[in-house]
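This is the structure I have questions about; it appears just below.
The values are calculated or read from the model by the stated rules, or taken from the named source; none is laboratory data. Keep in mind the model is a prediction, meaning the values are calculated, not measured. Positions of Cβ are backbone-derived with ideal geometry, glycine not excepted, and every protein chain shown enters the neighbour counts.
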Amino acid sequence: MNDTSLIDTLDWAKGGGLLPVIVQHWTGGEVLMLGFMSQEALALTHATGKVTFFSRSRQRLWTKGESSGNTLLLKSLHVDCDADALLVRAEPIGPTCHRGTPGCFADAPDLPLRFLVELDALVAQRRHLRPEGSYTTRLFDAGIRRIAQKVGEEGVETALAAVVQDDPDLLGESADLLFHLVLLLRARGLGLADVARLLETRHSQ
């Protein structure tokens, strides 16, 4: 459905020309924020791929991250059963909340495996920004062969820990392996979500 046909199906009158928008992390599932969209904001979101809202306090369109750089990249958009609210699934680039937290509902209990999603997003951001002094920056600058070498080293150490060491050592080595695997995937423009989708496909066959 293109943006024009979608706009025409929504009940804009109920909210005075605005629809509430729940923003959810596209892989982790946690709710990141609540905003409002006008017809223009929805059209701009579709056109640019960056989630855009209508700011009720400033009475203007507002693209998330326009000043901070912490954008929300649109992954999918869904309409509720009454056609008067939207669910946006997005990839956050940086923290979503203006207070620097991943989402605006900081007191909500963490979802299982949530940190893996945050780690994947952080590595993707650092691949783009290359902050000075960062270990990830040094590895990205060293190139994919060096990152692949680290994955190999950590894989061997994890296997050895499983055979001859205790559980804390195995967990530590597993954490190192997973971290470097995320780096390797991101160096190739991939992420944990791509691996999860492949596993899901294999499971369904």
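Among 44, 18, which is the only one that is touching a Phe, Trp or Tyr at 6+ places or on another chain (Cβ under 6 Å), in contact (Cβ under 8 Å) with a residue 12 or more places away in the chain, over 26 Å from residue 120 (Cα atoms) and of a type in the set (A, V, I, L, M, F, W, C)?
18
Separate question: With respect to residue 116, determine if the residue is at pLDDT below 95, part of a helix (DSSP H, G or I) and in contact with a helix residue (DSSP H, G or I) (Cβ under 8 Å, 6 or more places away or on another chain).
Here the answer is yes, as residue 116 does meet what is asked.
Check residue 125 against each of (1) in the same structural domain as residue 9 (by TED's automatic domain parsing); (2) of a type outside the set (Ser, Thr, Tyr); (3) surrounded by 13 or more Cβ atoms within 10 Å (Cβ to Cβ) and name the one condition it does not meet.
Of (1) in the same structural domain as residue 9 (by TED's automatic domain parsing); (2) of a type outside the set (Ser, Thr, Tyr); (3) surrounded by 13 or more Cβ atoms within 10 Å (Cβ to Cβ), only one is false for residue 125: (1).
Right, another one. Looking only at the range 69-107, count every residue that is among the small types (Gly, Ala, Ser) and out of contact with any strand residue (DSSP E or B) (no Cβ under 7 Å at 6 or more places or on another chain) and tell me the total.
Within the range 69-107, residues that are among the small types (Gly, Ala, Ser) and out of contact with any strand residue (DSSP E or B) (no Cβ under 7 Å at 6 or more places or on another chain) number 5.
So residue 14 clears everything in (1) closer than 30 Å to residue 115 by Cβ; (2) loosely packed, with under 15 Cβ neighbours inside 10 Å except one condition, right? Which one?
(1) is the only condition that residue 14 fails.
Right, something else. Identify the single condition in (1) without any contact (Cβ under 8 Å) to a residue 12 or more places away in the chain; (2) at negative phi; (3) surrounded by 12 or more Cβ atoms within 10 Å (Cβ to Cβ) that residue 141 does not satisfy, given that it satisfies every other one.
Evaluating residue 141 over (1) without any contact (Cβ under 8 Å) to a residue 12 or more places away in the chain; (2) at negative phi; (3) surrounded by 12 or more Cβ atoms within 10 Å (Cβ to Cβ) leaves (3) as the failure.
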